[in-house]
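Working notes, structure below.
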Amino acid sequence: MPRLTRVRTVPWAILLELGITVRDAWKKLTHGEREHLMSLVRKSQGRPGNLSARERDDIKRLVRKMEPAALGRSLAPLGRKARGRRR
């Protein structure tokens, strides 16, 4: 029988806060923009080379609109909470 690795649990409050923060960034896009972004991500299959230059520019524009720097600043404290203090 394979040995199971120990997985640390993340408190539900942190996961909830993470979800709310990401949802707020996602809601900065209109419904049409969200649909367009998702279709481009599906089309790319994770490879930017699968998209035209215009489509890559569209993705960049939409992601910028979501303000990733602000999202990162909002999520940084959550990472510290989840990691906890190590001594």
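Assorted remarks:
- The single condition among (1) at pLDDT below 95; (2) surrounded by 10 or more Cβ atoms within 10 Å (Cβ to Cβ); (3) not hydrophobic (A, V, I, L, M, F, W, C) that D57 does not satisfy is (1).
- Selection count, the stretch 13-70, where residues are among the hydrophobic types (A, V, I, L, M, F, W, C), within 30 Å of R83 (Cα to Cα) and assigned to a loop (DSSP other than H, G, I, E, B): 1
- Restricting the stretch 12-35 to residues that are more than 14 Å from M66 (Cα to Cα) and touching a helix residue (DSSP H, G or I) at 6+ places or on another chain (Cβ under 8 Å), the residue that is surrounded by the fewest Cβ atoms within 10 Å (Cβ to Cβ): I14
- Taken over the stretch 45-62, residues that are touching a residue at least 12 places away in the same chain (Cβ under 8 Å) and not acidic (D, E) amount to 2.
- A70 of a type in the set (A, V, I, L, M) and more than 13 Å from the chain's Cα centre (by Cα): no
- Test: residue in the stretch 46-62 that is under 16 Å from the mean Cα position of the chain (by Cα) and polar (S, T, N, Q): no
The values are calculated or read from the model by the stated rules, or taken from the named source; none is laboratory data. Only a predicted model underlies this, so the values are computations on that prediction, with no experimental measurement involved. A quick note on method: Cβ atoms are made from the backbone with ideal geometry, for glycine too, and the neighbour counts reach across all protein chains shown.
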